[in-house]
Amino acid sequence: MSSLAKGQEALEIDDLNVTFATDGGDVRAVEGVSLSVRSGEVLAIVGESGSGKTVTAKTILGLLPETATTSGVVLIGNDNVIEIPHSRLREIRGTGAAMVFQEPSTALNPVYTVGWQIAEGLRAHGRYSKAEARAKAIDIMTRVGIPDAEHRVDYYPHQFSGGQKQRIVIAMALVLDPEIIVADEPTTALDVTVQAEILDLLRRCRDEFNTAIVLITHNMGVVADLADRVAVMYQGRVVEEADAVSLFHHPEHDYTKRLLAAVPFIGAGTTRTRERAAERAAGTAGEPLVVAEDLVIEYPGRLGRGGFRAVDGVSFHIGAREVLGLVGESGSGKTTIGRTIGGLTKVTGGSLRVLGQEMLGVHEKDFRPLRHDIGFVFQDPATSFNPLLTIAECVAEPLIVHGKAQDAAAARSRVDELLEAVQLPHSYGDRYPHELSGGQRQRASLARAIALQPKLLIADEPTSALDVSVQAKVLELFAELQREFGFAALFISHDLAVVDLLADRIAVLFKGRLVEEGTGEEVLVAPKHPYTQRLLASLPVPDPILQAKRREDLRRLRASELADTGTDG
Amino acid sequence: MSTTTVVRPSIWSRLPLVRQLAQSVGWQRGMLVAGLVIIVVFLLTAALAPILAPYRFDQLRDANGTFGAQLPPGGAHLLGTTVGGYDVLSRVIWGAQTAVLVIVVAVILSIFAGVLLGLVSGYFGGWLDRVLVVICDAIYAFPSLLLAIVMSIVLSGGKSSLSFGILAAAISITVVFIPQYFRVIRSETVRIKAEAFVESAKVIGASNARVMFRHVLRNSTRTLPLILTLNASEAILTLAGLGFLGFGIEPTSAAEWGFDLNKSISDVAAGIWWTSIFPGTAIVLVVLGITLVGESLNDLADPRLRTRHRAIASSATPTEVDELEEAL
């Protein structure tokens with residue numbers, strides 16, 4: 001339990017400035033930020049990448065690298081974190097302020113048991129016998145909701161799921177009863193259904209442990225679900241600070257308004273889908289471009305062990321000019337299906353016909369001519385461009401490979417047209433990929449994918465690495481290009497709201513199986529399968545009042561599911 | 001979206017070494033500069049050997065008759081003469097030329113073979129990869145000097161003229177170095193093969209050769225300058241070792257530091273220090289210089305190891321710069 005009474009000031013930041021020395025000169029990451037958090041309160045710091053939110057969070061624990069120069073006051077209790085010596089800082093870390101990191105799989109050391117790692121924090125701040133430390137570890141694991149903690153205290157991190165690992169990371173933060181927990185994007189690496197559980201746990205930390213929580217996130221839904229007060233950061237400054245309800249209902253600053261408007265929500269795409277369906281019906285229906293029947297894809301296992309079945313008996317089809325949205329959580333096999341249609345992964349069983357070519361046992365030699373008609377947009381725009389080629393050279397690659405141009409210079413006029421189509425200035429063609437922002441790179445990636453005017457475009461989570469306002473623009477561009485060029489598309493995403501915006505039909509994957517398929521209205525408004533229902537209910541909406549109601553619905557849904565499995569068992 | 005053009009630095013400042021020099025600060029810069037100075041002096045000495053050296057490397061007499069053996073430093077022979085009657089200073093200066101030749105030939109021979117094998121092996125994998133890796137590991141298991149001796153005997157029967165001597169030394173060094181380039185390029189290739197931009201080239205329909213040479217090769221050569229410098233210093237040591245053991249180049253064909261050291265063993269006990277100290281120092285200095293450059297390149301290539309100037313808290317943000325300009 002926190003040593004502070006509820007409502008007492010746990011953290012105060014006053015006029016914080018942070019400057020980094022980089023190869024490109026000094027960069028001011030945080031400018032004149034002043035914030036405070038009381039115990040038993042969740043302060044969310046929201047902002048896009050580069051807004052300085054993570055730097056602010058790291059300053060609280062004195063975790064900035066040596067290249068940073070800091071000024072101002074960060075007060076935890078009576079200690080100004082910026083000025084106190086290292087030895088005192090070490091005492092404060094853990095007992096005064098603790099951190100929950102974004103990626104639970106890298107925050108835990110894979111060669112030690114989780115119990116040992118929880119005890120490590122205890123040993124750093126006091127004398128505990130082995131048995132005492134173990135008892136405390138078991139106690140805290142039980143309290144963060146790890147079942148069978150007596151045994152699992154001796155498990156290694158890889159024996160837990162992602163959500164459980166994040167629970168253990170939170171347990172490590174809680175075990176020393178810190179006054180403040182800094183949670184840096186604690187749910188970004190997790191699936192939505194797991195995200196809802198972790199948010200519940202953080203809420204319990206606030207209520208039961210009376211901890212002050214600083215929540216760093218870019219997800220407005222998460223903010224609406226958990227935060228009491230919100231600070232919006234933009235280019236290193238706090239542009240708006242308000243309690244959650246008034247921020248979402250009456251945003252003051254222009255940037256906040258734009259940020260909220262850019263958040264996709266379910267139901268936005270219904271009218272558009274209907275329009276497109278009417279358009280398509282008027283045109284020619286034609287042969288479907290992709291037909292999957294009982295598709296099975298396995299990844300080969302190690303010697304002596306069976307393979308891993310990533311996709312298990314999936315059937316679907318994509319017609320001409322149609323956008324199929326493929327939704328699922330990590331490990332559901334959605335990316336594998338996309339890669340298989342693109343010829344990057346082999347089919348194990350069943351049948352998959354792409355543009356009339358059977359992919360079961362196909363040779364690269366036979367498939368290569370068809371690649372002409374397939375475009376591919378990858379998830380991470382940062383790695384999908386050769387860093388040593390300019391954007392123009394990258395976009396020209398498909399043209400050169402398929403003999404439409406001799407070299408990059410000859411293809412330049414066509415490349416300029418393509419860049420224009422994705423709303424990038426011509427001069428950007430001469431830049432190198434790292435000189436573009438994530439959204440600009442993803443536009444260039446779209447330009448490369450449509451360079452040969454393909455009949456089919458596969459987009460594998462094209463916006464999941466982007467900020468929400470950038471995502472909105474890229475999605476709009478995608479819809480526009482699809483209307484203009486009329487390609488069919490497989491749009492893969494974990495975000496139901498994003499898929500809803502673009503897709504004509506939505507297919508929901510769960511553990512390699514297709515559980516539900518239909519139009520946006522059918523799947524999102526009246527979901528039949530319990531998994532789809534849970535997925536929908538877990539998706540937080542950017543409205544604190546509505547979200548509180550949805551949270552209750554989800555709890556009821558989960559309870560009834562538990563009861564079902566209970567009677568089954 | 002802004003349409004400002006990116007200011008690209010001039011070609012000169014993007015050259016390797018020049019860029020790193022500009023990037024470095026503090027003691028890292030000191031190391032790099034010291035190494036570069038030593039290397040430049042070494043290269044100049046090699047290039048200007050005919051002008052700098054008072055005598056030829058195989059000269060035993062001048063107008064006044066023979067030099068005489070084991071003369072102490074001073075007079076006509078600044079660093080004295082060897083037991084064989086050669087001028088020590090001239091031998092040390094001419095030795096730089098031999099060293100440069102061996103480094104250049106050895107590195108060129110090994111880099112092409114090593115890089116190509118590594119690329120093919122890493123990209124295609126399979127049985128070819130396994131066979132090549134086993135062969136390279138086998139070569140690793142050999143003491144490199146022993147291998148060099150065997151090669152030198154096979155190639156030239158142990159001793160020979162300048163060109164054959166250098167080639168023998170270079171090829172024996174090459175055999176030892178190919179696995180290093182192979183290993184480095186192979187592991188980089190395996191890593192890059194899984195990157196999204198290689199897959200995006202594949203889905204476009206690019207051929208294997210195009211993917212390999214246009215997309216993988218150029219991205220996998222990042223660490224080459226580092227191995228290159230480290231191998232260059234190792235090449236000199238191997239050459240000196242060969243010469244010291246008597247498998248080097250005849251004194252009448254070229255000057256070679258290792259050979260001179262070998263001939264000076266008996267002098268050391270007799271208190272004749274100048275025949276061994278000077279060639280020995282030359283070897284140490286050149287190896288030190290090249291290693292310093294290599295190590296600094298390694299540190300600078302890694303953002304975590306690179307030191308930077310500390311940021312000034314009140315340093316100029318764009319708006320402040322504008323204000324400053326207005327005030328001026």
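The values are calculated or read from the model by the stated rules, or taken from the named source; none is laboratory data. These numbers were taken from a predicted model, which means no experiment stands behind them. Backbone-built Cβ (ideal geometry, glycine too); neighbour counts: all protein chains shown.
Scanning region B:1-45 for residues that are at pLDDT below 90, of a type outside the set (Lys, Arg) and in a helix (DSSP H, G or I) yields a total of 14.
Only one of the numbered conditions (1) surrounded by fewer than 18 Cβ atoms within 10 Å (Cβ to Cβ); (2) more than 30 Å from B:Arg19 (Cβ to Cβ) is not met by B:Ala47, and that is (2). With respect to A:Ser51, is the statement that it is surrounded by 17 or more Cβ atoms within 10 Å (Cβ to Cβ), assigned to a loop (DSSP other than H, G, I, E, B) and at pLDDT 85 or above true? When the stated conditions are applied, A:Ser51 passes them. For region B:89-113, residues that are crowded, with 24+ Cβ neighbours inside 10 Å and over 21 Å from B:Leu48 (Cβ atoms) total 2.
None of B:Glu234, B:Glu199, B:Glu188, B:Glu195 is of a type in the set (D, E, K, R) and away from every other protein chain (no Cβ under 14 Å) except B:Glu234. Scanning region A:54-90 for residues that are assigned to a loop (DSSP other than H, G, I, E, B), among the hydrophobic types (A, V, I, L, M, F, W, C) and within 24 Å of A:His218 (Cβ to Cβ) yields A:Leu61, A:Leu63, A:Leu64.
Scan region A:382-414 for residues that are more than 12 Å from chain B (Cβ to nearest Cβ) and either of a type in the set (Val, Ile, Thr) or outside any loop (DSSP other than H, G, I, E, B) (or both) and jot them down.
Kept after step one, since they are more than 12 Å from chain B (Cβ to nearest Cβ), are these residues of region A:382-414: A:392, A:405-406, A:409-414.
A:Ala392, A:Arg412, A:Ser413, A:Arg414 - these are the residues of region A:382-414 that are more than 12 Å from chain B (Cβ to nearest Cβ) and either of a type in the set (Val, Ile, Thr) or outside any loop (DSSP other than H, G, I, E, B) (or both).
Select from region A:48-80 the residues that are on the phi > 0 side of the Ramachandran plot and in contact (Cβ under 8 Å) with a residue 40 or more places away in the chain and write down the one among them that is farthest from the other protein chains (Cβ to nearest Cβ).
At the first step, the residues of region A:48-80 found to be on the phi > 0 side of the Ramachandran plot are A:50, A:52, A:62, A:72, A:77.
When the remaining residues are screened for being in contact (Cβ under 8 Å) with a residue 40 or more places away in the chain, the result is A:50, A:52, A:72, A:77.
Details: A:Gly50: 14, A:Gly52: 13, A:Gly72: 10, A:Gly77: 25 Å.
So the residue we want is A:Gly77.
Mind telling me which of the residues A:Asp553, A:Asp500 ends up being surrounded by fewer than 21 Cβ atoms within 10 Å (Cβ to Cβ) and in contact with a helix residue (DSSP H, G or I) (Cβ under 6 Å, 6 or more places away or on another chain)?
Details: A:Asp500 fails: surrounded by fewer than 21 Cβ atoms within 10 Å (Cβ to Cβ).
On inspection, the qualifying residue turns out to be A:Asp553.
The set of residues in region A:21-38 that are away from chain B (no Cβ under 14 Å) and in contact with an Asp or Glu (Cβ under 6 Å, 6 or more places away or on another chain) comprises A:Ser34, A:Ser36, A:Arg38. Residue under question is A:Val194, and the condition is that it be farther than 30 Å from A:Asn78 by Cβ, touching a helix residue (DSSP H, G or I) at 6+ places or on another chain (Cβ under 9 Å) and in a helix (DSSP H, G or I); does it hold? Yes: the conditions hold for A:Val194.
Go through region A:415-425 and report how many residues are outside any loop (DSSP other than H, G, I, E, B), within 31 Å of the chain's Cα centre (by Cα) and free of Cβ contacts under 8 Å to residues at least 60 places away in the same chain. Please lay out each step first, then the result.
Start the filter on region A:415-425 by keeping residues that are outside any loop (DSSP other than H, G, I, E, B), which leaves A:415-421.
From what's left, within 31 Å of the chain's Cα centre (by Cα): A:418-421.
Next, only the ones that are free of Cβ contacts under 8 Å to residues at least 60 places away in the same chain stay: A:418-420.
So the count comes out to 3.
Those residues that are charged (D, E, K, R) and over 22 Å from A:Val296 (Cβ atoms), I need them from region A:506-526; list them, please. The answer is A:Glu521, A:Glu522. Evaluation of A:Arg134 against the conditions (1) touching a residue at least 24 places away in the same chain (Cβ under 8 Å); (2) within 26 Å of A:Tyr156 (Cα to Cα); (3) in contact with a Gly (Cβ under 9 Å, 6 or more places away or on another chain); (4) surrounded by 15 or more Cβ atoms within 10 Å (Cβ to Cβ) shows that the sole unmet condition is (1). The set of residues from region A:12-40 being more than 25 Å from the chain's Cα centre (by Cα) and closer than 21 Å to A:His218 by Cβ comprises A:Ile13, A:Leu16, A:Val18, A:Phe20, A:Val27, A:Arg28, A:Glu31, A:Val33, A:Leu35, A:Val37.
Which condition number in (1) within 9 Å of chain B (Cβ to nearest Cβ); (2) surrounded by fewer than 21 Cβ atoms within 10 Å (Cβ to Cβ) is the one that A:Asp467 fails? With respect to (1) within 9 Å of chain B (Cβ to nearest Cβ); (2) surrounded by fewer than 21 Cβ atoms within 10 Å (Cβ to Cβ), A:Asp467 is out only on (1). Applying the condition of being of a type in the set (S, T, N, Q) and over 19 Å from B:Val33 (Cα atoms) to region B:269-303 and asking which residue is farthest from the chain's Cα centre (by Cα) yields B:Thr275. Residues of region A:256-301 that are in contact with a helix residue (DSSP H, G or I) (Cβ under 9 Å, 6 or more places away or on another chain), modelled with pLDDT of 75 or more and in a helix (DSSP H, G or I): A:Thr256, A:Arg258, A:Leu259, A:Leu260, A:Ala261, A:Ala262.
For region A:329-381, what are the residues that are hydrophobic (A, V, I, L, M, F, W, C), in a loop (DSSP other than H, G, I, E, B) and facing chain B (nearest Cβ under 10 Å)? Don't jump to the end; show me each part of the working.
As a first pass, look at region A:329-381 and keep what is hydrophobic (A, V, I, L, M, F, W, C): A:337, A:341, A:344, A:347, A:352, A:354-355, A:359-360, A:362, A:367, A:370, A:374, A:376-378.
Now drop any that are not in a loop (DSSP other than H, G, I, E, B), which leaves A:344, A:347, A:355, A:359-360, A:362, A:378.
A:Leu344, A:Phe378 - these are the residues of region A:329-381 that are hydrophobic (A, V, I, L, M, F, W, C), in a loop (DSSP other than H, G, I, E, B) and facing chain B (nearest Cβ under 10 Å).
The set of residues from region A:426-449 being in a loop (DSSP other than H, G, I, E, B) and of a type outside the set (A, V, I, L, M, F, W, C) comprises A:Arg431, A:Tyr432, A:Ser437.
Just the residues that are of a type in the set (Lys, Arg) and buried (at least 18 other Cβ atoms within 10 Å of the Cβ), please, taken from region A:376-411. Walk me through how you get there before you give the answer.
We begin by selecting, within region A:376-411, every residue of a type in the set (Lys, Arg); these are A:404.
None; the set is empty.
Every residue, every condition in (1) touching a Lys or Arg at 6+ places or on another chain (Cβ under 7 Å); (2) surrounded by fewer than 22 Cβ atoms within 10 Å (Cβ to Cβ); (3) more than 20 Å from A:Gln453 (Cα to Cα); (4) among the charged types (D, E, K, R), yes or no:
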{"position": "A:Glu329", "(1), (2), (3), (4)": "no, yes, yes, yes"}
{"position": "A:Ile341", "(1), (2), (3), (4)": "no, no, no, no"}
{"position": "A:Thr348", "(1), (2), (3), (4)": "no, yes, yes, no"}
{"position": "A:Gly361", "(1), (2), (3), (4)": "no, yes, yes, no"}
{"position": "A:Glu364", "(1), (2), (3), (4)": "no, yes, yes, yes"}
{"position": "A:Arg368", "(1), (2), (3), (4)": "no, yes, no, yes"}
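Only one entry of A:Val499, A:Val541, A:Val508 meets the criterion of being under 14 Å from A:Gly221 (Cβ atoms) and not assigned by TED's automatic domain parsing to the domain that holds A:Val192, and that entry is A:Val541.
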